Amino acid sequence: DDPGTLPYHGYFGPFTVDAARGTVTHHAIAASDPEMVGTDQPRRFILDGDRLTLEADRNGWTAHVVWQRR
């Protein structure tokens, strides 16, 4: 993916958390990209108060997704 574009990758499934390593692994059972189905998608996470940030390495750049509890 080109970091100049914002591709959409949607997926869902169960997940496991390794708090000691600061990672969450999503086990994709369905996805917008058929190649993701049946794969594990590891992400680093940072939980800071009411903010959760997930980071994923994507072909030489890092994607960040941030959720803020309101």
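The values are calculated or read from the model by the stated rules, or taken from the named source; none is laboratory data. Owing to the predicted nature of the structure, the values given are computational and were not obtained by experimental measurement. All Cβ positions, even for glycine, are placed from backbone atoms using ideal geometry, and neighbour counts span all protein chains on display. With ligands, DNA and RNA removed, areas are computed over all heavy atoms of the protein, side chains included. Shrake-Rupley method; radii C 1.70, N 1.55, O 1.52, S 1.80 Å.
Based on protein heavy atoms only, the chain ends up with 76 Å² per residue of surface accessible to a 1.4 Å probe. For the chain, the Kirkwood hydrodynamic radius comes to 13.1 Å, computed from all pairs of different C-alpha atoms.
FRET efficiency for the THR23 to ARG70 pair, using the beta carbon distance and R₀ = 35 Å, is estimated at 0.85. For THR16 and ILE46, a Förster radius of 25 Å and the Cβ-Cβ distance give a FRET efficiency of 0.90, rounded to the nearest 0.05.
Spin-label pair TRP61-ASP33: with each label point 7 Å from Cα along the Cα-Cβ axis, the two points sit 1.3 nm from one another. Within the accessible area of the chain, what % is carbon and sulfur when the probe is 1.4 Å and the other protein chains stay in place? Of all accessible area on the chain, carbon and sulfur atoms account for 54 percent.
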